[in-house]
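Below is one structure, written out as structure tokens, with a few remarks after it.
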Amino acid sequence: MEQGRILKVAGPLVVAEGLVDSKMFDLVRVGEEGLMGEIIEMRGDRASIQVYEETEGLGPGDPVEATGAPLSVELGPGMLEAVYDGVQRPLDKLEEQAGAFLTRGISAPGLDRERRWAFTPVVEPGMRVQGGDILGTVQENEVIEHRILVPPHVEGTIADIAAGSYTVTEPVGHLTTDAGERVELIMMQVWPVRTPRPYKKKISVAEPLTTGTRVIDTFFPLTKGGVACIPGPFGAGKTVTQHQIAKWSNAEVVIFIGCGERGNEMTDVLMEFPELEDPYSGEPLLKRTVLVANTSNMPVAAREASVYTGITMAEYFRDMGYNVVLQADSTSRWAEAMREISGRLEEMPGDEGFPAYLGTKLAAFYERAGKVECACGADRTGSVSVVGSVSPPGGDLSEPVVQNTLRVVKVFWALQDKLAYERHFPAIDWLTSYSLYLDKVTPWWSEHVSPEFRARRDRCMAILQRENELAEIVRLVGLEALSAEEQILMETAKSIREDFLQQNAFRDDDQFSSYREQDLLLETILLFHEKAIEAHTKGASLRDLFAAPVRERIARAKYLTEERLAEFEEIRSDIETQLVGDGFDDDETLVYAGGER
Amino acid sequence: MREYMTTRDIVGPLLLVESVMDVTYGELVELEFPDGTHSLGNVLEVNQDVALVQAFEGTRGSNPAHTKVRFLGRSLELGVSRDMLGRVFDGLGRPRDDGPEIIPEVRRSIYGQPINPTARDFPDDFIQTGVSAIDGLNPLVRGQKLPIFSGSGLPHNDLAAQVARQSAVLQRSDDPTKAGAPLEGEFAVVFAAMGITFEDADFFIDEFRNTSAIERAVLFLNLADDPAVERIATPRMALTAAEYLAYDCDMHVLVILTDMTYYCEALREVSAARKEVPGRRGYPGYLYTDLASIYERAGRVKGRKGSITQVPILSMPDDDKTHPIPDLTGYITEGQIVLDRNLHRRGVYPPVAVLPSLSRLKQKGIGPGKTREDHADLSNQLFGAYARGLQAKELAVILGEAALSDADKAFVAFADAFEDRFIAQGAHEDRSVEETLSIGWELVTLLPRSEVKRIKDEYVARYMTAEEGATA
Ligand SMILES: Nc1ncnc2c1ncn2[C@@H]1O[C@H](COP(=O)(O)OP(=O)(O)O)[C@@H](O)[C@H]1O
Ligand SMILES: [Mg+2]
């Protein structure tokens, strides 16, 4: 391979000459230590290289070695439960090599070369296969069956294939192409991260990705294959929300990218996920998870690469037919990494110093999500849902990353620091958030939740919106200005906020809510609302209605575990018996407080 | 030695040196100016035979033709040793007191290396600071980075000194209803001053002296009249010393960095001199990454006994939390303690604004065994009640006290009492966490019983005495 020489070093950017045969996005090895770098600009015989490791100590004249291959990830058994840095170096292996601190110039392959996997073929010699077809399976762990696929764009007839115990680089068999060429079949695929993996076609999404978070599932649902963003100032709850989705969503595989965020948050996942039980499989959550951890103090260029590394892994599991959810926390740090590199390249800056291509890059990234018919000879579908958090400076949503993201995502979960200060969690603002998948998932709701679910949801949303208008009046002239019915509405809104929307991620009995429970809660809260209005017209005092003992039960209903959902029946009958007219009583002093926004 | 007199340009703190050989990125440089003064510097960029050097101690007295530039072939290092304890250094790690030079055990690059996320141990040991607003609501844990967001004229120094003086880790308790006793352990304070006044620095030194904490403290001082660019190195000097004490000497180290605002301004000065495309308010686009390289050096490492806990102090320009410095800090640190000018005016010390303050590691640091079983519920209740009290107060301002419901009136009374009795305390008052919790419980009795919804009934029964319950 050709060798060049460094001319210039400026932070993570190195300029080298003499790499005339290399191509854009080729991987190179920089300096005596062979630090990983990638060519990101070529002018004449000069290549600009972003280096994935600390560049201190590099200087003009140091060698740069071409590899002729683009920055790629290794895909195959052994990815689950792993923790990688932004360029797929396994962090646990690096720790074994170099200790607690990340030193330069260390590396290890993304997939373990020694480990053996029990491979069971599903095809036989003589069968025709094409790219994406399943050759066989490896039970990677108790949860995930790893389907070994024919690499994209490869086609031919199976010559031989055998069950057995293999490493990821040993051939499990061979195929013969139409041209008569013999191709070795190994379990590992290598794929360039910046190139989307192929699929047959995208299909319109209709099934919600259930997350167990009520405000999301009921009010602003995400779909299998859908895209969402969570913008919010620090401390508003982006990371906790993303961790909740990683824990409780019904995706089969979870890719979590800690992109330029805190080291301790990664440690938290690493310590907690092996302990937590996946509600679907009963196995530890970590078994379905791949972590990409390029924290804020790790090299900035590798942070830029980390989202591509993550999404390529997600596509690979999608190609096996799985529903994958990928979380990027935070996409702003990725954008800032782009900005930093772009600044060093002395590119013409756009808004707030971000490169002019920020929007294109964000769109291209989110476009890699979706539900697809997998590229293969069979009928197989898989999906990648993407959830990106955005960290706008000062919480200002008009900044470029939020704005460019909103152009492409279909779900917007707006976090509000005011709600977070009141410890209303998740602090997702129900008035400004939206999901454009609402109508698409309604048929699924009707079939799988209840035919009334959508109507209940809309009714509650209308009550919350009305509350907001009325709160303005209360603020100006006081509660007395409201009619009795409006006062009941204010109470119901408070109940929706406190007894439904608020959900404590740190309480075992609250962190996950099934759709069934969500529907029952809505039904109960609305039943109280109607019965209160009815009882009031029959003469019950507002004070008595609001002090009805059943309200305590409604408030605690969200803590009912799945086995105890039958108790909703009792709550309903309590409502029926406690909310009755009891003659005329005009004492309408109110207990409503708080909640105006 | 490679020495050159080939400086072409001097712009602010930067020198462009030509015809150099074998210079590397980040390399340490020694500059000798015509008037005989010296400055240390480092290489910010090297392009073929031209090096861009940042002079930590300024370029005053320099002249392109007569400045000697020596490239030292290593990066900026600090020689560390246990003997640093009790000593005062300047912003570049040279003794500033009358003591002897340190004979280093080892020399380390001040830039450190990132902790591998798999090697981190999660911070979950409660630190009792003796300050109710912190211990009760936003507890600090070992290995956390918890900044104080303050403003000019607010008593952040007093609070930081109080935390440094009183901090103690508690023994694990087998009884969920009792917190453990304070634990003796190897404890050190590393203090880095960046751009603060002599008087402010002196306050800390006095504090440490008076409590004889000075023997287990290491001080790095870059004061207001010291070279600004040196400040870029100062926190890294301090953290290099802290890492040595924590990971080589098994000590629990509290690092106080003050004032991060001046640090960021120094960074901005260099960035402006380089004519970089500025981010918000003229601060460089890489400010987040740069700050992270400081704050992320807090933590615990598996298999090592020591830890690094950081309490950075920053004064928010204009008390504005959305200013890039507090904003980016909050995005990196594990919470923030926000000081409030109105509380301060009303004489509440420490003037901690409870609602915007946050400790993200709270869940991990409290509860049975660590503090007490009722801690989490009680703090949620206090939070919620205080937030509602403040809301009701706002309402009363518009509509008049009379317009409030009875419940709201109770919340208003609660909010006032909460500020006076829970938040406010003496600068030398060291409250045990159990004392803090009992004050909390006394305040809960001011609320109507039906509003005490966030606390489990069994805790109400156990911790709210019958007598108190009756007055509710
Ligand atoms: N659903 C939730 N339940 C309980 N607490 C929450 C929830 N979401 C956020 N929090 C609280 O808010 C803090 C900040 O949340 P985090 O997700 O880290 O914010 P961000 O990532 O937006 O900075 C957490 O440490 C926790 O105390
Ligand atoms: Mg976060």
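Things to note:
- Set side by side, the residues A:70, A:109 differ, and just one is surrounded by fewer than 18 Cβ atoms within 10 Å (Cβ to Cβ) and either more than 14 Å from chain B (Cβ to nearest Cβ) or acidic (Asp, Glu) (or both), which is A:109.
- Among residues of region A:237-248 that are away from chain B (no Cβ under 14 Å) and touching a residue at least 12 places away in the same chain (Cβ under 8 Å), those with a beta-carbon under 9 Å from a residue that is of a type in the set (D, E, K, R) and more than 9 Å from ligand 2 (Cβ to nearest atom) at least six positions away or on a different chain give the pairs A:247/A:272; A:247/A:278; A:248/A:278.
- Those strands (runs of 3 or more DSSP E) lying entirely in region A:149-258 with at least 2 residues in contact with a helix residue (DSSP H, G or I) (Cβ under 7 Å, 6 or more places away or on another chain) and of a type in the set (Val, Ile, Thr): A:227-231
- Residues within region B:361-394 that are charged (D, E, K, R) and in a helix (DSSP H, G or I), tallied: 6
Yes/no per residue for (1) modelled with pLDDT of 90 or more; (2) within 19 Å of residue B:306 (Cβ to Cβ):
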residue: B:188; (1), (2): yes, yes
residue: B:213; (1), (2): no, yes
residue: B:216; (1), (2): yes, yes
residue: B:225; (1), (2): yes, no
residue: B:228; (1), (2): yes, no
residue: B:234; (1), (2): yes, no
residue: B:238; (1), (2): yes, yes
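- Test: residue in region A:9-20 that is modelled with pLDDT under 95 and at the interface with chain B (Cβ under 9 Å from one of its Cβ atoms): yes
- Among residues of region B:336-361, those that are more than 13 Å from residue A:421 (Cβ to Cβ), within 16 Å of ligand 1 (Cβ to nearest atom) and not β-branched (Val, Ile, Thr), counted: 3
- Exactly one residue among A:311, A:341 is at pLDDT 95 or above, assigned to a helix (DSSP H, G or I) and more than 16 Å from ligand 1 (Cβ to nearest atom), and that residue is A:311.
- Test for residue A:513: is it within 23 Å of residue A:441 (Cβ to Cβ) and of a type outside the set (A, V, I, L, M, F, W, C): yes
- Test result for residue A:442, away from chain B (no Cβ under 14 Å), in a helix (DSSP H, G or I) and within 16 Å of ligand 1 (Cβ to nearest atom): no
- Scanning region A:385-439 for residues that are of a type outside the set (Phe, Trp, Tyr), part of a loop (DSSP other than H, G, I, E, B) and either within 14 Å of another protein chain (Cβ to nearest Cβ) or at positive phi (or both) yields A:391, A:392, A:396, A:397, A:398, A:399, A:416, A:422, A:423, A:424, A:427.
- The residue list B:311, B:354, B:348 contains one member that is hydrophobic (A, V, I, L, M, F, W, C), assigned to a loop (DSSP other than H, G, I, E, B), touching a residue at least 40 places away in the same chain (Cβ under 8 Å) and touching a helix residue (DSSP H, G or I) at 6+ places or on another chain (Cβ under 9 Å), which is B:348.
- Any pair with Cβ under 6 angstrom, 6 or more apart, that starts in region B:323-338 at a residue that is more than 14 Å from residue B:360 (Cβ to Cβ) and ends at one that is away from ligand 2 (no atom under 13 Å from the Cβ) and assigned to a loop (DSSP other than H, G, I, E, B): B:323/B:316; B:324/B:283; B:326/B:316
- Those helices (runs of 4 or more DSSP H) of region A:472-563 in which 3 or more residues are under 40 Å from the mean Cα position of the chain (by Cα) and more than 16 Å from ligand 2 (Cβ to nearest atom) occupy A:484-495, A:515-537, A:550-557.
- Of the strands (runs of 3 or more DSSP E) lying entirely inside region B:50-109, not one is found with 3 or more residues being more than 18 Å from residue B:216 (Cα to Cα) and free of Cβ contacts under 8 Å to residues at least 12 places away in the same chain.
- Where a residue in region A:62-83 is free of Cβ contacts under 8 Å to residues at least 60 places away in the same chain and its partner, wherever it lies, is part of a loop (DSSP other than H, G, I, E, B) and small (Gly, Ala, Ser), with Cβ under 7 Å and at least six apart: A:62/A:31
- Within region B:119-133, residues that are more than 7 Å from chain A (Cβ to nearest Cβ) and closer than 11 Å to residue B:182 by Cβ sit with their Cβ atoms under 8 Å from residues that are polar (S, T, N, Q) and not in a loop (DSSP other than H, G, I, E, B), at 6+ positions apart or across chains, in these pairs: B:127/B:309; B:128/B:166; B:130/B:162; B:130/B:166.
- Considering (1) within 17 Å of the chain's Cα centre (by Cα); (2) surrounded by 24 or more Cβ atoms within 10 Å (Cβ to Cβ), the lone condition that residue A:300 does not fulfil carries the number (1).
- Selected residue (criterion: surrounded by the fewest Cβ atoms within 10 Å (Cβ to Cβ)) from residues of region B:296-325 that are within 9 Å of another protein chain (Cβ to nearest Cβ) and over 23 Å from residue A:294 (Cβ atoms): B:303
- Checking residue B:233 against (1) surrounded by fewer than 21 Cβ atoms within 10 Å (Cβ to Cβ); (2) closer than 20 Å to residue B:94 by Cα, the condition it does not meet: (1)
- Candidates are the residues of region A:44-63 that are assigned to a strand (DSSP E or B) and of a type in the set (A, V, I, L, M); the one that is nearest to residue A:105 (Cα to Cα) is A:51.
- Of the residues screened, residue B:230 is one that is away from chain A (no Cβ under 14 Å), over 30 Å from residue A:268 (Cβ atoms) and either touching an Asp or Glu at 6+ places or on another chain (Cβ under 6 Å) or among the charged types (D, E, K, R) (or both).
- Candidates B:234, B:333, B:309 - the one that is β-branched (Val, Ile, Thr) and within 16 Å of ligand 2 (Cβ to nearest atom): B:333
- Subset of region B:10-35 (residues that are outside any strand (DSSP E or B) and either closer than 21 Å to residue A:15 by Cα or without any contact (Cβ under 8 Å) to a residue 12 or more places away in the chain (or both)): B:18, B:19, B:20, B:21, B:22, B:23, B:24, B:25, B:26, B:27
- Test: residue in region A:212-234 that is within 12 Å of ligand 1 (Cβ to nearest atom), small (Gly, Ala, Ser) and crowded, with 23+ Cβ neighbours inside 10 Å: yes
- Within region B:141-159, the set of residues being closer than 21 Å to residue B:242 by Cβ and away from chain A (no Cβ under 14 Å) comprises B:148, B:156, B:157, B:159.
- In region A:270-297, the residues that are outside any loop (DSSP other than H, G, I, E, B), crowded, with 24+ Cβ neighbours inside 10 Å and within 16 Å of ligand 1 (Cβ to nearest atom): A:293
- Subset of region A:249-269 that is more than 14 Å from chain B (Cβ to nearest Cβ) and under 28 Å from residue B:302 (Cβ atoms) - its residue that is surrounded by the most Cβ atoms within 10 Å (Cβ to Cβ): A:255
The values are calculated or read from the model by the stated rules, or taken from the named source; none is laboratory data. Quantities reported herein were computed from a predicted structural model and do not represent experimental measurements. A quick note on method: Cβ atoms are made from the backbone with ideal geometry, for glycine too, and the neighbour counts reach across all protein chains shown.
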